[in-house]
Every structure is written in structure tokens, then in C-alpha cells.
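Just below is one structure, and these are the notes that go with it.
Derivation of every value follows stated rules applied to the coordinates shown; laboratory data play no part. Not measured: the values here are computed from a predicted model. Note that we place each Cβ from the backbone using ideal geometry, even for glycine, and neighbour counts take in every protein chain shown.
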Amino acid sequence: MANFVPDRYRGVSVASLPPEVGLAPGALRAHFLGRPAYRRTRFVVARHAGRTALLRVTRACDTELFAPIVTVDLLAGPDDCAYVVEPEVDTGIPSALAEVARRRAPGARAVVVQGRYAHVNFIVEACPLRVVVREVVPPEPAKLLDQARRVLAVTEPLPPIELVGDVTELAALAARRPDQHYLLPCRGSGAEVPGALVSYLDEHPTRAEWTLLGCARSRQIHRWFYGDEPPTVDFCPRRIAAPAQGRLLTKCCLQEERVESGDGWVSVPWGSSLEQVREALLILAAQEEPAWVPA
């Protein structure tokens, strides 16, 4: 049941139980069997005395507005189910549910979240897909990581995903080849190298003795302007090996329009749109076996 999340939180009902019922499995089944349930109800969050149990129910008929409950399955009892309140969390987003579960109730098998709009949803056995987002800064914040977070915050079809930033600073790259003068791809990044003179390739400065902090596209532009290639520290995040754990999301300036992918990785254009980042995350999710689907 890893990453078990309802496809719609409107199918989740919350019931406060009287003391004489409690949350024992047998008492729960006896209480709910035969009771009428609304046509959308598929799960019941049963609460009593600050504790929570999670049930899956089926009704005698799917077409009537109300129909009696005919089966009751216990998904999680009160000993391994937590109920947390996070008013800013959209409970329709699986990644948001997984993040809350791991942060607020790491020892619970099932976590029910009351979030934005007071909507209630849950996740059982939160085990999000680990996606390493690799890029170079500045600019700040790290653009691709920020875009991926924004996409996850509003995308319901994606499985629970945990984003892990793998960010390298240009100044740290410069230390690999100490020099008094560096050439960076563009001024727009705002990048500087402490203690060194910095020029920007997009301003077409007068040729000087410098070290290029760039990638294949920067070397192409340098050859176009100056007819040669300078000493270079290549900062292309796609050229680095894939992470030992999880999937890799990165970018490459040689990709102008398309998203590219391979086993365990996906790369977007350097100036990627949010839709391209969304496509990339969907590709990574599709590589998982078995494929995740909401409950």
C-alpha cells in the first residue's frame, strides 16, 4: 500500500464516534455496516477521544444518492494512524501529503491531513519518489529546483515526490582552475568570483586572457566571437553522473525546445517553462515500476 492516496478527497468522510463505539475493529464494523452512506463516500476517517482509525467502505449501490454500507475494511487502526492539521497544505496534492506525513508523523503508517479549506485527505505508507534536481547557481533561487517545487504544488496526477537539491555555485567551480580573470556566460545571472575580474560573454567584451566558466554552448559562442577556445571549467549539470539514489532532473543549454530523457534521468532546456518541467516530472514518474495510480 505504499503511497496509497485517494484520487479525490471528496470520497473521504470524517465521522466522530460516540464513546460506546470506540475504535476497536469489530466495533467499527458493527457500527458502520448497514448505515447509509453518501454516493461519493469510499473512505471513512473515524475519530474518537483524539485518536483516529481509517476505513475503506463499499456501498450496496453506486447510483443512489445514499445506500447502505456492505463492506468495511480497516486500513489503519488508532495505533498506527495519525491526524494532523496543516491549514496551508492542499490535501489534493499527493506530494504535499507525503511531505506532511514524513515531517509531522514519521512513525505513523497512515497519516490523515486536515489542510487548506478544511479539506481532509490521507496517505498510507508514504514513500515518495526521490528526485535529485541538479543545477548551477546563481541566479538565486536555483531556478529549476524552484520551478519543480511550484509544479509539484499544483499537480495532482503526479505520485508523491521528494525533491532534493544538488546545487553547485559558480565560485566553487572557479576554484577548480584559479585565475585572475573569468568569463561567464551572461551578466543576467549576477554571478561574481571573489577576488577576480569577471567579464560576461553576452556583452562581447574585448578578448583577454581569461578562463571560461561555461558549457558547450558558451564555447560555441566564444569560437564565433573570437575564433578560439579558452581554458574552460565546464559547468553543464547534465554531464555529471546520475545520483546513486533516486532519479535525476537537470537541464542543458544545447536543448532549445525539447525535453530529453534516459534511464533514471530527464533533462529540460536551460530556459525551461513550467510545462516542460511538469513533462519532465511525469516522465520520471512513468519510469517507476509498478506505475503509481491513486486509490
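Running Debye on the stretch 118-215 with equal point scatterers at the Cα sites and no solvent, what base-10 log of I(q)/I(0) appears at q = 0.15, 0.16 Å⁻¹? For the requested q values the scattering log ratios are -0.70, -0.76. Dipole orientation for the chain: of the candidates 191, 181, 45, 45 has the Cα lying most toward the positive pole (charges on Cβ; Lys, Arg +1; Asp, Glu -1). Between the C-alpha center of the stretch 220-295 and that of the stretch 22-93 there is a gap of 43 Å.
Dividing the convex hull volume of the Cα atoms of the stretch 128-295 by its residue count, what figure in Å³ per residue is obtained?
On the way: hull volume 19.1 nm³, N = 168.
Looking at the stretch 128-295, the number lands at 113 Å³ per residue.
Let me test this: with uniform point scatterers at the alpha carbons of the stretch 9-124, what is the Debye-based log₁₀ I(q)/I(0) at q = 0.15 1/Å? Taken in order of the listed q values, log10 I(q)/I(0) reads -0.64. Across the options 101, 76, 63, the greatest Cα extent toward the positive end of the charge dipole of the stretch 9-124 (unit charges at beta carbon of Lys, Arg, Asp, Glu) belongs to 63.
Divide the volume of the convex hull of the Cα atoms of the chain by its number of residues and quote the answer in cubic angstrom per residue. Write out the running numbers ahead of the final one.
On the way: hull volume 45.3 nm³, N = 295.
Hull volume normalised by residue count: 154 Å³.
Please compute the Kirkwood hydrodynamic radius over the stretch 92-167, one decimal place, Å, based on all pairs of different Cα atoms.
Hydrodynamic radius (Kirkwood, Cα only) of the stretch 92-167 equals 13.3 Å.
Taken about its Cα centre, the chain carries a charge dipole of roughly 860 debye when the Cβ of each Lys and Arg holds +1 and the Cβ of each Asp and Glu holds -1.
Can you give the % of DSSP beta bridges in the stretch 9-124 that are antiparallel, to the nearest 5? It would help to have the intermediate numbers written out before the result.
Values: 20 of 30 bridges.
Rounded to the nearest five, the antiparallel share is 65 percent.
For the chain, the 222 nm mean residue ellipticity estimated from helices alone, with every DSSP H stretch of n ≥ 4 adding -39500 (n - 2.57) and the total spread over all residues, rounds to -5500 deg cm²/dmol.
How high is the FRET efficiency between residue 275 and residue 166 when r is their beta carbon distance and R₀ equals 22 Å, given to the nearest 0.05?
Values: r = 23 Å, r/R0 = 1.05.
The computed FRET efficiency comes out at 0.45.
Expressed to the nearest 5 percent, the antiparallel share of DSSP beta bridges inside the chain is 40 percent.
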